[in-house]
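The values are calculated or read from the model by the stated rules, or taken from the named source; none is laboratory data. These numbers come from a predicted model, not from an experiment. Neighbour counts run over all protein chains shown; Cβ positions are idealised from the backbone, glycine included.
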Amino acid sequence: MSTIDNRLTEMLEPAVEAAGYELIGIEYVRAGKHSILRLFIDHEDGIDVDACAKVSHQVSAVLDVEDPITNEYALEVSSPGLDRPLFKPHHYSDRIGEIVSLQTVMPTDGRRKFKGEIVGVDGQMVTLNVDGKEYTLALMNVKKANIVPQF
């Protein structure tokens with residue numbers, strides 16, 4: 001996670017929790033006037049449009065006061081969906097045995113893209129089985145990770 005993502009998470013997580021939801025993670029996509037601040041939220045009863053609107057309202061109030069992003073951006077609040085993004089160590093450990101698509105910041109064994117089964121999590125390290133070969137990756141090196149839905 002980038003520094004701005006960490007700062008935004010620390011700033012917005014209390015507002016999301018106050019609304020009764022869990023903040024799964026944040027993605028801030030910089031694209032000039034078309035930048036996007038995307039929040040993924042979850043709840044044991046699921047997420048609907050009303051939940052997203054409620055959290056959007058709460059978070060907007062915090063963002064208006066704190067003003068952490070200087071350029072224009074659109075705020076999106078979403079459920080994690082079937083291809084649930086993984087941000088925190090417990091997201092990985094909760095999904096042991098599932099297939100994940102993962103991209104790293106820096107290459108590991110000459111590659112940055114991995115698709116395989118999560119076989120273990122130890123602190124800030126995750127181990128994937130990719131086509132019979134195990135790779136142990138530092139979570140701080142993960143740029144993006146999503147569950148690959150199995151039908």
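Would you point out which residue out of Pro68, Pro85, Pro149 is within 17 Å of the chain's Cα centre (by Cα), at pLDDT below 95 and over 18 Å from Glu17 (Cα atoms)? Walk me through how you get there before you give the answer.
Details: Pro68 fails: within 17 Å of the chain's Cα centre (by Cα); Pro85 fails: at pLDDT below 95.
Answer to the selection: Pro149.
Each residue in segment 103-128 was checked for being over 19 Å from Asn6 (Cβ atoms), crowded, with 16+ Cβ neighbours inside 10 Å and either at pLDDT below 95 or not aliphatic (A, V, I, L, M) (or both), and 4 of them qualify. The set of residues in segment 88-100 that are over 13 Å from the mean Cα position of the chain (by Cα) and either surrounded by fewer than 18 Cβ atoms within 10 Å (Cβ to Cβ) or in contact (Cβ under 8 Å) with a residue 60 or more places away in the chain (or both) comprises Ser93, Asp94, Ile96, Gly97, Glu98, Ile99.
Residues in segment 129-151 that are buried (at least 17 other Cβ atoms within 10 Å of the Cβ) and among the small types (Gly, Ala, Ser): Ala145 only.
Under the condition of being without any contact (Cβ under 8 Å) to a residue 40 or more places away in the chain and either in a strand (DSSP E or B) or among the charged types (D, E, K, R) (or both), the residues counted in segment 117-146 number 19.
For segment 69-81, the condition of being loosely packed, with under 12 Cβ neighbours inside 10 Å and hydroxyl-bearing (Ser, Thr, Tyr) holds for at least one residue.
In the set Asp5, Asp48, Asp83, only one residue is in contact (Cβ under 8 Å) with a residue 60 or more places away in the chain, of a type in the set (D, E, K, R) and out of contact with any His (no Cβ under 6 Å at 6 or more places or on another chain); that residue is Asp83.
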